[in-house]
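In what follows, a structure is listed as structure tokens, so that the remarks can point back to it.
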Number of protein chains: 2
Amino acid sequence: MSVSANVIENARLELDELLGDRCSTAQSVRDQHGKDESWHIACPPDIVCFAQNTAEVSEIVKICAKYKLPVIPFGGGTSLEGHINAVEGGVSVDLNQMNEITAVNREDLDCVVQPGVRRKQLNEFLRDTGLFFPIDPGADATIGGMASTRASGTNAVRYGTMKDNILSLTVVLPNGEIIKTGGRAKKSSAGYDLTRLYIGSEGTLGIITEITLKLYGIPEAIAAATVSFPDIESAIQSVILTIQSGIPIARIELLDDVQVDAINKYSGLDLPVQATLFLEFHGSENSVQEQSEMVDGICQDFGAKDFKWTTQAEDRTRLWQARHDAAYAAKALRVGASMWATDVCVPISRLSDCIMQTKEDLDKSYLIAPLVGHVGDGNFHLAFVLDMDNPNEMAEAERLNSRLIERALSMDGTCTGEHGVGLGKKKYLKSELGEGAVGVMATLKAALDPDNIMNPGKII
Amino acid sequence: MSVSANVIENARLELDELLGDRCSTAQSVRDQHGKDESWHIACPPDIVCFAQNTAEVSEIVKICAKYKLPVIPFGGGTSLEGHINAVEGGVSVDLNQMNEITAVNREDLDCVVQPGVRRKQLNEFLRDTGLFFPIDPGADATIGGMASTRASGTNAVRYGTMKDNILSLTVVLPNGEIIKTGGRAKKSSAGYDLTRLYIGSEGTLGIITEITLKLYGIPEAIAAATVSFPDIESAIQSVILTIQSGIPIARIELLDDVQVDAINKYSGLDLPVQATLFLEFHGSENSVQEQSEMVDGICQDFGAKDFKWTTQAEDRTRLWQARHDAAYAAKALRVGASMWATDVCVPISRLSDCIMQTKEDLDKSYLIAPLVGHVGDGNFHLAFVLDMDNPNEMAEAERLNSRLIERALSMDGTCTGEHGVGLGKKKYLKSELGEGAVGVMATLKAALDPDNIMNPGKII
């Protein structure tokens, strides 16, 4: 589908009247909104609108609906599967100016935020309240984007993903109508779970303009630890036993030797260049002590020797910043290179097989691809470090990613643990879920967005 | 809508051929399938089919689709809002013969069950594995029914509800097609969350025929406690502070004096007839000790004097069986009486107001209504003990329930925390969620079940 210049111009006139200089067709602005952090080809929108509130988003969508113009919500631009690329042109709705935390209900452990709020901004804001929001993808993403991709991160093993931490949403529908999917009760059985329907729908069913989030008390005690293993399999076995033992670990992250080397260089750490776990424990002083002793014991049983733990906030922050910068560290391994992140997730009993077979593939390839993983959930990423202008390298990454996904699916896993479908995983959905389930998704999309204006070309 | 006798007879012939004596039109069988445990008027189906596997459910649904005959999935018959009443006649699909636990993956902490498996059956089966499934509505419901109503129970404050504990579903669609909504990965961002769409859809979008559940390790230590308060408000304040302190309590249940009196009589306990909390702590020996000391301290600050705790399995079982029998105990307060259970849930900061105002209403009424609550989640129930043949008593219960729901909604709560909509909460959905959100639900229903054959008359 491609929209005629005439239609775009008519829509632009109306949007211009609504938004003034917050409606832009400047090439630089369009380019900035045409590409996320992924390897997918840039597709600039025709028009970029900067919305300031839900009512305005509704008016923008109504104008787009009138002209049947594609609408692509835009947050941090940090997605990893081309989610915000305007493959059919249209209007990018930039939500970054909607960045207010509108309510914090301390007694109820919840808060209400606009979609442009960044995860770090939220936690800085919350610090004095003694509360925090745990979901932490690598990038400093927006809460709206995280909701839209069903994001998670390093804390998911303890606190769940976005789907587990949202009480309700305000959504602008494809006809501009505004709905609220629920109240602030901790649980409800009142009809279809619209909240979970919109979480992970990647802007294809509507635009999320307000999010009510669950919060948690900052634990009385927090300890972090690093521990190096003789090989990657021992590290994974330690993870499996930790999870199976029911230890309520808050973070359990695997880095392979290549990734450790990369972050040593990028973040100035001096870890042994071996398979390594980054761990974090939350609880009372006693409980944190007890948990870390148990995990230390498990790791020693699998041959680890240098379990180092700390309760110093500074050391912890440094460690986790390094972990969050893993992708950037990978990229920095090669001057001018780009990064392509994979995202499979498998049942934990298959994690070791999946990772070992993947490492064998990598050993036979010339591409560099550090490995990091939220291994407590069975989720891990490779970061292919490559030259996107080199078709051979791109084809090799494609080949390795495709084999990796087939492997994960054969193990009852998923092609995407937390990044979402976007453009990159569309072709795998049917092998993962079957024609029937994908057919249901297509039915939902057609029913809720009959003119296919909401982020067309994604998921389905 | 009412289906002609001719159509029913033609369908019956086909179902009979498919199922033999597992297809019944006997009045007693139909009557047994026309009413759940609620106050709603019995509506027997025209035909009852006893299915033994997913393929058979698919064939049954195909026949019903051909004749546009209503299809009502039937599990334990323990629902509380008329979910299984055949308000438009049709075919009740009894799933009780599909009661196999088909896989337990100990390493992955998950299992696969058929929908007719009962929650107690599952935990008895699991006991030797060291694992358990935490969701526990009062009745010994089927897992399929619990999934269909998004059930929860006493453990939800720690372990979440059905929506948090299902990895994937097999669903027979209204055209008989069979889909699977996901694999066994702990998390996935692969498209729309079909799993959560069918959880809580009450059989109106399809029939759930297989469920992959999350399991948990049986905690190293479990302690239960009871503690009595001078008044109900002190009990609630203790709950609020416990939750806000981040104590990972597994169960925190409130019973008012009327309910305590009822279970003393029904279950042979001798608790002081006062507002009482039933508590449970899960963790290591140390952690359980620490948690219970902290909660004891909190309760004492609010005037409680007799915090009694036990780690004896026998005592714990007796206590929780009494709690699960609370509704039956309420019913037993009056010979020949029936029971009508309410189900609001509010943000915990409003719980005290909500309960106190509700108790004031009750004080002015002649109806008896013991109160129990999963108060850690802000969810509580009244059990009106009444004579269903007395229109005055029914009208009084209706009036009190209606005021209670309006109160909860004005506090940003929900009309149903865990029972579901069924017949009884339909009229409250728009006040709770708005025309727009209910409109989206109607659109989903029309798209996925265009002939409206799946459990018609429920939710929408």
Check your understanding: If you check every pair at least six apart or on different chains, which have Cβ atoms under 6 Å apart with a residue in the range B:102-119 that is under 14 Å from B:SER168 (Cα atoms) first and a residue that is basic (Lys, Arg) and assigned to a strand (DSSP E or B) second?
Key -> B:ASP110/B:LYS214
Check your understanding: Does A:GLU418 qualify as being touching a residue at least 12 places away in the same chain (Cβ under 8 Å), touching a helix residue (DSSP H, G or I) at 6+ places or on another chain (Cβ under 6 Å), closer than 17 Å to A:ARG150 by Cβ and at the interface with chain B (Cβ under 7 Å from one of its Cβ atoms)?
Key -> no
Review point. If you go through the range A:68-101 one residue at a time, how many are β-branched (Val, Ile, Thr) and closer than 11 Å to A:CYS49 by Cα?
Key: 4
Check your understanding: A:PHE132 fails exactly one of the following numbered conditions: (1) in contact with a helix residue (DSSP H, G or I) (Cβ under 7 Å, 6 or more places away or on another chain); (2) aromatic (Phe, Trp, Tyr); (3) crowded, with 19+ Cβ neighbours inside 10 Å. What is the number of that condition?
Key -> (3)
Check your understanding: Looking at B:ILE240, B:ILE236, which one is among the β-branched types (Val, Ile, Thr), within 14 Å of chain A (Cβ to nearest Cβ) and surrounded by 24 or more Cβ atoms within 10 Å (Cβ to Cβ)?
Key -> B:ILE236
Review point. Within the set of pairs 6 or more residues apart or between chains, which connect a residue that is without any contact (Cβ under 8 Å) to a residue 40 or more places away in the chain inside the range B:31-56 to a residue that is assigned to a loop (DSSP other than H, G, I, E, B) with Cβ atoms less than 8 Å apart?
Key: B:ASP31/B:ALA42; B:ASP31/B:PRO44
Point to revise | Meets criteria (in contact (Cβ under 8 Å) with a residue 60 or more places away in the chain, out of contact with any strand residue (DSSP E or B) (no Cβ under 8 Å at 6 or more places or on another chain) and more than 13 Å from chain B (Cβ to nearest Cβ)) for A:GLY457 | key: yes
Review point. Which members of the range B:235-270 meet the condition of being over 24 Å from the mean Cα position of the chain (by Cα), at pLDDT 95 or above and among the hydrophobic types (A, V, I, L, M, F, W, C)?
Key: B:ALA235
Point to revise | Flag for A:THR181 being over 30 Å from A:ALA330 (Cα atoms), polar (S, T, N, Q) and without any contact (Cβ under 8 Å) to a residue 40 or more places away in the chain | key: yes
Practice item. Would you mind finding the one in A:GLY413, A:GLY436 that is surrounded by fewer than 23 Cβ atoms within 10 Å (Cβ to Cβ), within 13 Å of another protein chain (Cβ to nearest Cβ) and touching a strand residue (DSSP E or B) at 6+ places or on another chain (Cβ under 8 Å)? Key: A:GLY436
Point to revise | Output for the range B:298-345, where each listed residue is of a type in the set (D, E, K, R), over 30 Å from B:GLY424 (Cα atoms) and outside any helix (DSSP H, G or I) | key: B:LYS305, B:ASP306, B:LYS308
Exercise for review: Answer yes if at least one residue in the range B:279-299 is within 24 Å of B:ALA383 (Cβ to Cβ) and either surrounded by 19 or more Cβ atoms within 10 Å (Cβ to Cβ) or in contact with a helix residue (DSSP H, G or I) (Cβ under 7 Å, 6 or more places away or on another chain) (or both), and no otherwise.
Suggested key: yes
Check your understanding: What do you reckon, is A:GLU124 more than 14 Å from chain B (Cβ to nearest Cβ), acidic (Asp, Glu) and surrounded by 20 or more Cβ atoms within 10 Å (Cβ to Cβ)?
Key -> no
Exercise for review: Go through (1) part of a helix (DSSP H, G or I); (2) within 14 Å of chain B (Cβ to nearest Cβ); (3) closer than 22 Å to A:THR358 by Cβ one by one and return the number of the condition A:GLU290 breaks.
Suggested key: (3)
Exercise for review: Select, from A:THR181, A:THR212, the only residue that is more than 22 Å from A:ILE72 (Cβ to Cβ) and either under 14 Å from the mean Cα position of the chain (by Cα) or at pLDDT 95 or above (or both).
Suggested key: A:THR212
Point to revise | Subset of the range B:331-347 that is within 14 Å of chain A (Cβ to nearest Cβ) and not small (Gly, Ala, Ser) - its residue that is nearest to the chain's Cα centre (by Cα) | key: B:ASP343
Point to revise | Residue in the range B:397-418 that is farthest from A:TYR192 (Cα to Cα), counting only those that are in a helix (DSSP H, G or I) and of a type in the set (D, E, K, R) | key: B:ARG399
Review point. In the range B:379-414, how many residues are basic (Lys, Arg) and out of contact with any Cys (no Cβ under 7 Å at 6 or more places or on another chain)?
Key: 2
Point to revise | Lone unmet requirement of (1) surrounded by 16 or more Cβ atoms within 10 Å (Cβ to Cβ); (2) in a helix (DSSP H, G or I) for B:VAL3 | key: (2)
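Considering only the range B:78-89, I want to know if a residue exists there that is outside any strand (DSSP E or B), in contact with a strand residue (DSSP E or B) (Cβ under 7 Å, 6 or more places away or on another chain) and of a type outside the set (A, V, I, L, M).
no
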Practice item. Within the range A:56-77, identify whether any single residue is out of contact with any helix residue (DSSP H, G or I) (no Cβ under 7 Å at 6 or more places or on another chain), modelled with pLDDT under 95 and outside any helix (DSSP H, G or I), and answer yes or no. Key: no
Review point. Taking strands (runs of 3 or more DSSP E) that fall entirely within the range B:90-132, which contain at least 1 residues that are within 15 Å of B:LEU213 (Cα to Cα) and in contact with a strand residue (DSSP E or B) (Cβ under 7 Å, 6 or more places away or on another chain)?
Key: B:101-105, B:110-113
Review point. If we keep just the residues of the range B:363-383 that are free of Cβ contacts under 8 Å to residues at least 60 places away in the same chain and more than 23 Å from A:ALA185 (Cα to Cα), which is surrounded by the most Cβ atoms within 10 Å (Cβ to Cβ)?
Key: B:LEU367
**Study point:** Hey, B:ILE405 within 13 Å of chain A (Cβ to nearest Cβ) and at pLDDT below 95 or not
**Key:** no
Point to revise | Verdict on B:SER201 being within 11 Å of chain A (Cβ to nearest Cβ), surrounded by 23 or more Cβ atoms within 10 Å (Cβ to Cβ), part of a loop (DSSP other than H, G, I, E, B) and more than 16 Å from the chain's Cα centre (by Cα) | key: no
Check your understanding: Has the range A:36-45 got at least one residue that is assigned to a helix (DSSP H, G or I) and within 13 Å of A:ASP94 (Cα to Cα)?
Key -> no
Review point. Condition test on A:LEU205, is it hydrophobic (A, V, I, L, M, F, W, C), farther than 30 Å from A:GLY297 by Cα, in contact with a Gly (Cβ under 7 Å, 6 or more places away or on another chain) and in contact (Cβ under 8 Å) with a residue 60 or more places away in the chain?
Key: no
Exercise for review: Answer with yes or no whether B:GLN97 is farther than 28 Å from B:ASN6 by Cβ and either buried (at least 21 other Cβ atoms within 10 Å of the Cβ) or over 23 Å from the mean Cα position of the chain (by Cα) (or both).
Suggested key: no
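The values are calculated or read from the model by the stated rules, or taken from the named source; none is laboratory data. Model, not experiment: these values are computed from the prediction. Here the Cβ is made from the backbone with ideal geometry for all residues, glycine too, and neighbour counts use every protein chain on show.
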